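The values are calculated or read from the model by the stated rules, or taken from the named source; none is laboratory data. Remember, predicted model here, so these are calculated numbers, not experimental data. So basically every Cβ, Gly included, is an ideal-geometry build from the backbone, and we count neighbours across all protein chains shown.
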Amino acid sequence: MFGTPTKGSVGVYLYDTAPGQETLYENLVLSNSSQPSLAASIGTQDFDAYCYEADFSDKAGKAYGQNASCGRYPQVSTTSVTRTLGWHYLNIIVRPGSVAFYIDGGPALFTVSGDYSFDTIDLKVSGPSWRPNTVAYFDSFSFVP
């Protein structure tokens, strides 16, 4: 946790061990402790075996995402990036005036306009107890203000 909210580029490699399986959430998450509904997330969803997720909730709790028609249960948070076995670079960039989401260095999945900042970074593995466990690997974490 940072002493004061900040902006910057946060990235980490995630090794996806279970594409094609409904397992756990494995995510990079940015949040702001003084604004509980403000959060940015990118990674996997427990119910989506086929596509990665990226989502943003603003101060009012409104959800943003790529809203791609991918997988069995498309949501606002569903991206067009198909889950595959191996390492994937998850990146969220918080700039003055916008927040952008990237997977594997490709073009921005989506961008949200607004002046946001974060004070907490989490590498999260979670999910319902009835989902099968997976092994989660994260590597080469980076933060550049």
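What to note about this one:
- Qualifying residues in segment 78-106 (those that are free of Cβ contacts under 8 Å to residues at least 40 places away in the same chain and in a loop (DSSP other than H, G, I, E, B)) - the one surrounded by the fewest Cβ atoms within 10 Å (Cβ to Cβ): Gly105
- Qualifying positions in segment 39-74 - among the small types (Gly, Ala, Ser), touching a strand residue (DSSP E or B) at 6+ places or on another chain (Cβ under 6 Å) and either at pLDDT below 95 or in a loop (DSSP other than H, G, I, E, B) (or both): Ala68, Gly71
- Only a single item in (1) over 16 Å from the mean Cα position of the chain (by Cα); (2) within 24 Å of Thr6 (Cα to Cα) is not met by Gly65, and it is number (1).
- Restricting attention to segment 107-145, the residues being of a type outside the set (Lys, Arg) and either in contact with a helix residue (DSSP H, G or I) (Cβ under 8 Å, 6 or more places away or on another chain) or in a strand (DSSP E or B) (or both) number 19.
- Residues satisfying the stated conditions in segment 20-38, i.e. buried (at least 17 other Cβ atoms within 10 Å of the Cβ) and either touching an Asp or Glu at 6+ places or on another chain (Cβ under 6 Å) or of a type outside the set (S, T, N, Q) (or both): Glu22, Leu24, Tyr25, Glu26, Leu28, Val29, Leu30, Asn32, Leu38
- Meets criteria (charged (D, E, K, R) and modelled with pLDDT of 95 or more) for Arg95: yes
- Any hit, segment 43-51, residues being within 18 Å of Val29 (Cα to Cα), within 13 Å of the chain's Cα centre (by Cα), surrounded by fewer than 15 Cβ atoms within 10 Å (Cβ to Cβ) and in contact (Cβ under 8 Å) with a residue 12 or more places away in the chain: no
- Matching residues in segment 109-136 - criterion: being under 17 Å from Asp48 (Cβ atoms) and either within 16 Å of the chain's Cα centre (by Cα) or surrounded by 15 or more Cβ atoms within 10 Å (Cβ to Cβ) (or both): Leu109, Phe110, Lys124, Val125, Ser126, Gly127, Arg131, Thr134, Ala136
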